[in-house]
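What follows draws every value from the coordinates through simple rules; no lab data is involved. None of these values were measured; they are calculated from a predicted model. Every residue, glycine among them, receives a Cβ derived from its backbone with ideal geometry; neighbour counts consider all protein chains shown.
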Amino acid sequence: MGLPEYIDAVEQGYREVGLGHGVGFPRENLWIRGDAKSATGGGHRPAGVKASFKFKAALLPGLGGAGVQAYTAGLPKGLETFLFLFDTQTGGLVAIMEVLYYDWLKTAATSAVATRYLAPDDSRIVGLIGTGRHARSQLHALAAVQPIQRVQAYSRNAQKRTHFCQKLSDELGIDVIPVESPAEALRDADIVTTITTSAEPVFDGKDLPEKPLHINAMGAHYPWVREIDSHTVRNSRVIVDQMEQAFQEHGEILIPMDEGVIDRDHIVADLAAIVSAQTIGRVPDTDWTLFLSGGTGIEDIAVATRLYEKACEKNVGTEFPFNQPYEFEF
């Protein structure tokens, strides 16, 4: 399945929810706590949290799918991610998927949908913070919805940054330029995308161009971490992926709220409301729009349903006899 189909599936999923034809269940985080030495408080977990089990779900009858994605983090085997997909016509379980790798494309598709609705028309220059594996799919997705001509990419490792830019220049056929600082990445940008594991803001909002632009914050989704500083949040029209989940997870809004910089009303809408035209994304007097994403069950089930359809068409996958009758002896 090509990236444009991922983008279309994610957009359809959010539209279904925005129109009231579907529903998403916010991610639940179950923490396994260890002793004080098991964590430092930096990065992805506070001191004392050893590991976690997470799950998120959605029901999208218009697309024909419902399901739950469940995964662990912080345990010896690393990230284990599985999705259980049900057919909403029959109610039957139709697929179990290992979804860690499709998650790269699904996440990129989500930022592409947000960019389609929130970025200035004909955005051409991207400021990219982060050059890991997710960053590659992010650029491919942005190029699918906007006429991108130049990318200014920054990450802390100069060697990896240079290699990334050479590779993406060849893949996209545009100028992907390594830069020496976040401020250089932001210069003249129409779109800014952050896709890092940083626990602290990755750029100074005062370095943003004073012109219409759009920001995708794709890396952080824990209450105690954030990629975007309070100055940027306060001065942006803020859209989140899913409203209830955002107020549980997004440090980008929870930290400024604790500081007294913003209140709950500062959050304009979630992506479902934007895609379904219940709320306008970019308005004429808006300079900066900011999309905060942590990943939702809506995206997962929308994409999984499309992947399942494609797998059936191409006879891909392994069948298991889930519905066979069993006899038990007592």
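What to note about this one:
- For the range 160-270, the gyration tensor built on C-alpha atoms gives a prolate shape. Its axis ratio a/c (a ≥ b ≥ c) is at least 1.5, and a/b is the larger of a/b and b/c.
- Its alpha carbons give the range 82-147 an Rg and a Dmax of 15.8, 47 Å.
- Sites Glu200 and Ala277, calculated FRET efficiency, Cβ-Cβ separation with R0 51 Å, nearest 0.05: 0.90
- Whole-percent pair-distance distribution, where bins are 20 Å wide, for the alpha carbons of the chain: 31, 58, 10, 1
- Residue range of the chain that is longest and free of trypsin sites (Lys or Arg not before Pro) which are both DSSP loop and sparsely packed (at most 13 other C-beta within 10 Å): 157-330
- Rg/Rh, computed from the Cα trace of the range 107-296 with Rh as the Kirkwood radius, has the value 0.94.
- Scaled to the globular estimate 2.2 N^0.38 Å, the Cα spread of the range 113-162, given as radius of gyration, is 1.18.
- Within the chain, antiparallel bridges make up roughly 50 percent of the DSSP beta bridges whose residues both belong there.
- Packing-based ranking, highest mean first, of 188-195, 107-114, 210-217 given that Cβ atoms within 10 Å are counted: 107-114, 188-195, 210-217
- Hydrodynamic analysis of the range 207-256 uses the Kirkwood radius over alpha carbon pairs. Inserted into Stokes-Einstein at 10 °C and 1.306 mPa s, it gives a translational diffusion coefficient of 139 µm²/s.
- Over the chain, dividing the summed -39,500 (n - 2.57) contributions of all DSSP H runs of at least 4 residues by the number of residues returns a 222 nm mean residue ellipticity of -10000 deg cm²/dmol.
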